[in-house]
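Input: a single structure, listed below in structure tokens.
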Amino acid sequence: MTEPVIGQVASAPASLARADAIDAIVGPTRRYPGPAGEGLRQAWRECDLIISHLALGATTRLIAPLLADKKTDPGVVVIDEAGSFVVPLVGGHVGGANDLARRLAEGLGATAVLTTATDALGLPGLDTLGWQTAGDLAHVTRAILDSDPVTLVREHPWPLPALPDNVTEPGVPRFERRGSHVRELPPPPAPVARVVVSDHSAVPDDLPTVVLHPKSLVVGMGCNRSTPIAALRELLDRTLAETGLVDASITALTSVDAKADEPALQGLAAQLGVDLVTYPADRLAGIEVPNPSRAPAAAVGTPSVAEASVLAYGADLIVDKRKNPDATLAIGRLAPRGRLAIVGLGPGADDLLTPRARRVLADSAVVIGYRPYVTQINHLLRPGTEIVATGMGTEEMRTGLGIEKAREGRAVAIVCSGDPAIYAMASPTLEQGTEGIDVQIVPGVTAELAASAILGAPLGHDHATISLSDLHTPWDVIERRLQAIAEGDFVVALYNPRSRKRTMHLPRALEILGARRPPETPVAVVQDATRPGENFRVAPISVFDPEWVDMHSIVIVGSSTTRMVPTGVGAEVMVTPRDYKWLEER
């Protein structure tokens, strides 16, 4: 799959400088620095997306005569002279202008002005899911926006982002949550529109309907050497017509390695906009198929190419081998897989939540987490998101529920603070078993990184991370690890350093570490890092008072080389030198 071609129409010095910054965000773009009208017309012919540094009105007048069809016109994004606002002018959804505007706004520190109705209301556009659509998209979208009853029909449980409450799926119970109370809602009224998710081409006409075509089909093909592409296309089109399947749902074309350089196969893959994936003949020969043949066994070393390559890709065979004089074809369907994202929310500050985490949360139909963490990101969730927020000590329930809902074909996010792989939800979720679902770990800024940035650079050299909680690790094991850290002279970040009941672990940890460090070694406690009430205190290890530490703290103990360095006006920062040779020479 090729990346979209992006062009920039810019000529003024300020816009040319901004164009360079944009290249750093989206990658190299084509430049059109000459007269604006000529540049826009040329970019219209050559690009998939256009960034105009002209005024909104001027851009509108110049592209008006060029507009033909929103399905084929390039998307156009306008950036104002000051670089404060990024406005998708045309092609917001289909043309990709809305996504580009968001990306540019994040990179430039600007505001994306999205005026398409679904984006303005925080709803997913049905034409923004990466799937082609057929049918009455405008009518169905209007019904969703007007809160009219809309029915959702999925032939298979392909995952979708959250849809508003007026979009309901027959046979799926609906619930209303108010605090800790949950009640089942009555059946919805008769629908006025329909959303169908299908890899078939038929569009029902008894009700305004839009059909979403998921990328679910795998087409396997074998062919004679130098077969014309028209012969392959004829076989494919005839098979699709006979089976009612749609080419918009094809996600891959497969064959044997011996055909990897076959021009017709390469050309057909390019026409379909998919990858050509090939497999060694000996691998295909070991796959049991319903219709083996001697001819391909003699020609390329496997009794099946079309059927075997579909199965090798991991699809279930739904159309057995078909053929014409030049080629063979089989079609498989990939089993729908639910999506489970384990999302790190960072230390708490909204601007330290990563753009990736924001996108994943917006694309999730179910969000599960500890109640304060869900509250933290509630404003980022789409209307209709199913939210499961629970109290402390319910990790087993949350992870199990997330896996269960993903297995139902849902798009699920389990949220946790900091980074999900550091004393958080990634490892227990994966340990429970996530076979058969797509799992994504979304990293976050963890507490030790947030605290280190507040203090200066205490983690500037080799360091260790350890939790002082003996809830999951025996204390004698924690002590052995602290002894090793002390002997290795590592800087150490202490998670869960102290609680109301667990008051002796931190003094013992400081005793173990202090026995191997100078008495002036700095120790810092940071409370509520990046949250309201953030504060910190630094003191030598010989006088550091564990009473300064509470459940909202992280403690960083320096190594023998960590020191306080003056900065600003009358201030100091905690630094562990990296031992750069050029600094030693200075």
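None of the figures in this text is laboratory data; all of them are computed from the coordinates on show. What you are looking at is a predicted structure, and each value in this text was computed from that prediction instead of being measured. Quick reminder, even Gly has a Cβ in these numbers, built from the backbone with ideal geometry, and neighbours come from all protein chains shown.
Electrostatic bookkeeping for A264 treats Lys and Arg as +1 and Asp and Glu as -1; over the other residues with beta carbon under 10 Å from its beta carbon, the sum is +1. Distances between placed amide hydrogens fall under 5 Å for T111 paired with F85, V86, all partners being 5 or more residues away or on another chain. If only the Cβ of Lys and Arg carry +1 and only the Cβ of Asp and Glu carry -1, the dipole of the range 1-141 around its Cα centre is close to 220 debye.
Residues whose amide H falls under 5 Å from that of F490, counting only those 5 or more places apart or on a different chain, are absent, with hydrogens built in the peptide plane. With a ≥ b ≥ c taken as the square roots of the eigenvalues of the C-alpha gyration tensor of the range 217-333, please select rounded if a/c is under 1.5 and otherwise prolate if a/b is larger than b/c or oblate if it is not? It comes out rounded by the Cα gyration axes. Note on the chain: Lys pairs 8 or more places apart or on different chains, Cα atoms under 27 Å apart, count 8. With K and R counted +1 and D and E -1, the other residues having a Cβ less than 12 Å from that of Y495 yield a net charge of -1.
Shape summary: the range 126-213 maps onto an equivalent ellipsoid whose semi-axes, from the alpha-carbon gyration tensor, are 24, 14, 12 Å in decreasing order. With helices as the sole contributors, the chain gives -8500 deg cm²/dmol at 222 nm; each DSSP H run of n ≥ 4 counts as -39500 (n - 2.57), and the sum is divided by every residue.
With a sphere of radius 11 Å drawn around the Cβ of P290, what net charge do the other residues whose Cβ falls strictly inside it have (Lys, Arg +1; Asp, Glu -1)?
-2
Projecting the Cα atoms of G37, T530, G456 onto the dipole axis of the chain, where Lys and Arg carry +1 and Asp and Glu carry -1 at the beta carbon, places T530 farthest toward the positive end.
Dipole size of the range 448-575 about its Cα centre, with +1 on Lys/Arg Cβ and -1 on Asp/Glu Cβ: approximately 180 debye, rounded to the nearest 20. Axis angle, to the nearest 10 degrees, between helix 13-26 and the longest C-alpha principal axis of the chain: 90 degrees. The Rg/Rh ratio for the range 32-78 is 0.91, where Rg is the radius of gyration of the alpha carbons and Rh is the Kirkwood radius. Charged side chains reduced to their Cβ positions (Lys and Arg at +1, Asp and Glu at -1) give the chain a dipole of some 220 debye around its Cα centre. Compared with the alpha-carbon gap, the fully stretched path from N535 to Q440 is longer by 30.8 nm at 0.36 nm per residue.
Against the chain, whose longest principal axis comes from its Cα atoms, helix 263-272 is set at around 70 degrees.
With unit charges on the beta carbons (Lys and Arg positive, Asp and Glu negative) and the dipole taken about the Cα centre of the range 6-115, which residue among S11, H53, P74 sits farthest to the positive side? My answer, from the dipole projection, is P74. Taking the DSSP bridge list for the range 126-213 and keeping only pairs wholly inside it, about 40 percent are antiparallel. Got a sec? Charge dipole of the chain, +1 on Cβ for Lys and Arg, -1 for Asp and Glu; which of Y279, G95, V557 is way out at the positive end? The residue sitting most towards the positive pole is V557.
Report note on the peptides 66-77, 539-550, 403-414, 154-165: ranked by the mean count of other C-beta atoms within 10 Å, highest first, their order is 403-414, 154-165, 66-77, 539-550. With kT/(6 pi eta Rh) evaluated at 25 °C and eta = 0.890 mPa s, and Rh the Kirkwood radius from Cα pairs, the chain diffuses with a coefficient of 87 µm²/s according to Stokes-Einstein. Restricting attention to the chain, close to 45% of DSSP beta bridges with both partner residues there are antiparallel.
Each residue of the range 102-111 was assigned a 3J(HN,Hα) from its phi angle through the Karplus expression (A = 6.51, B = -1.76, C = 1.60, θ = phi - 60°), giving 4, 5, 5, 4, 4, x, 9, x, 9, 10 Hz with x at Gly and Pro.
Where both partners of a DSSP beta bridge lie in the range 339-445, what percent of those bridges are antiparallel, to the nearest 5?
Working: 1 of 21 bridges.
Looking only at bridges with both residues in the range 339-445, the antiparallel portion is about 5 percent.
Across the range 215-224, computed HN-Hα scalar couplings (Karplus, 6.51 cos²θ - 1.76 cosθ + 1.60, θ = phi - 60°) run 7, 10, 9, 10, 9, x, 9, x, 7, 6 Hz from first to last residue, x flagging Gly and Pro.
Would you mind estimating how fast the range 448-575 diffuses translationally, via Stokes-Einstein at 10 °C and 1.306 mPa s with the Kirkwood radius over Cα pairs, in µm²/s? Reported coefficient: 109 µm²/s. Working from Cα pairs under 8 Å separated by at least six residues, relative contact order for the chain is 8 percent.
Once backbone amide H atoms are built at 1.01 Å from N, I318 has I331, G332, R333 as its partners under 5 Å, excluding neighbours fewer than 5 places away on the same chain. Note on the range 554-586 and the range 21-56: Cα centroid distance 47 Å, given to the nearest whole angstrom. When the Cα gyration tensor is reduced to axis lengths a ≥ b ≥ c, the ratio a/c stays below 1.5 for the range 339-445, which is therefore classed as rounded.
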